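Working notes for the structure below.
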Amino acid sequence: MTVTDAVILANPTTCELGEGPVWDPIRQVVLWVDIRRGLVFSGRLDRHGRVVDADHVPFPGTVGAVAVAEDGSWIVAAAHTLIVHAVAGRMRELARIIPAGQSRRTNDGKPDPAGRFLIGTLSLGDDSDGEVLARLEQDGTLTTVDDDLTLSNGLAWSPDGSVLYSVDTMRRTVYARSYDAGDGTTGERRTLIEFDDGFPDGMCSDADGCLWIAMWGLGEVRRYTPDGVLDCSIRVPAPHVSSVAFAGPDLDTLVITTATQDLTGEQLTAYPLSGKLFTARPGVRGLPVPPWSGVAEKQKETP
């Protein structure tokens, strides 16, 4: 197994809970979120791997994930709902993911190969069973994919779209199942990887079909083969590595988010770059993330 420290500090912004990096091929920028502060960041990726000219858009409450539609609008996982943020800045609600009154929020999400948006949940209390992975269909309805998770997290697909990989963080597990992008049918869920240390968080696929997994608590990103065999590891100078995505016109730059959440004062002193954005050039290319396809029915606009 190869271990490398070849990461660079990509942006000086410190996130409390940096997450969900996304390459926006329309604007040619990197998107990422700070979940707890409710911010969606964007910045230009330069040839040195730095993310520059960064700006941000605030949202009320938390923001679990963001994805880009073909028209350049965003689908944003707000605390309990999915909303569209249009290019002109107007917002409209699409669907409620979490019923009112529940101590939960949305977490990681991503479009599937057909452009449907999948989104997971996590508990904000002591009860961490029964978390959900749901899919927003193109008619605006919701389909439950899983309803027995402890903390729904990273999502990825095989290069041909026929396999869905998903993370259940508190079980330290990556699942795999067959996936029909045409009608959304899923096969039986099976355990692909189980971890003895650290917690798997965000995840993405590369063009070889391997999985890149952010390891919360370990300060590293790991690459696994489609058979679940550890291939290589990239060390990151922050214990809480939260998510990964390939970015750039050639999808050859790995963008890595980190967090300061749950770190002690001593840990923050020892790891002052916690919460920063990093990049690496691992020598492989990522898979393009399909644009979100939208929904057929126009939903109510909100101010």
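Structure summary
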| read-out | value |
| --- | --- |
| Leu17 crowded, with 19+ Cβ neighbours inside 10 Å, under 19 Å from Phe246 (Cα atoms) and of a type in the set (A, V, I, L, M) | no |
| Which numbered condition Glu70 fails, given (1) touching a Pro at 6+ places or on another chain (Cβ under 6 Å); (2) modelled with pLDDT of 95 or more; (3) over 22 Å from Met203 (Cα atoms) | (2) |
| Residue that is closer than 30 Å to Asp208 by Cβ and not in a strand (DSSP E or B), where the choices are Gly61, Gly154, Gly49 | Gly49 |
| Residue in the stretch 264-275 that is outside any loop (DSSP other than H, G, I, E, B), on the phi < 0 side of the Ramachandran plot and buried (at least 19 other Cβ atoms within 10 Å of the Cβ) present | no |
| Candidates Ala88, Ala65, Ala54, Ala78 - the one that is without any contact (Cβ under 8 Å) to a residue 60 or more places away in the chain, farther than 28 Å from Asp252 by Cα and buried (at least 17 other Cβ atoms within 10 Å of the Cβ) | Ala78 |
| Index of the failed condition, Met1 passing every other in (1) at pLDDT below 95; (2) closer than 27 Å to Ser166 by Cβ; (3) in contact with a Gly (Cβ under 6 Å, 6 or more places away or on another chain) | (3) |
| Pairs where the first residue, in the stretch 152-168, is charged (D, E, K, R) and the second is in a strand (DSSP E or B) and buried (at least 24 other Cβ atoms within 10 Å of the Cβ), C-beta under 6 Å, 6+ apart | Asp168/Leu149 |
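The values are calculated or read from the model by the stated rules, or taken from the named source; none is laboratory data. Quick caveat: nothing in here was measured; it's all calculated off a predicted structure. Cβ: placed from backbone, ideal geometry, glycine included. Neighbour counts: every protein chain shown.
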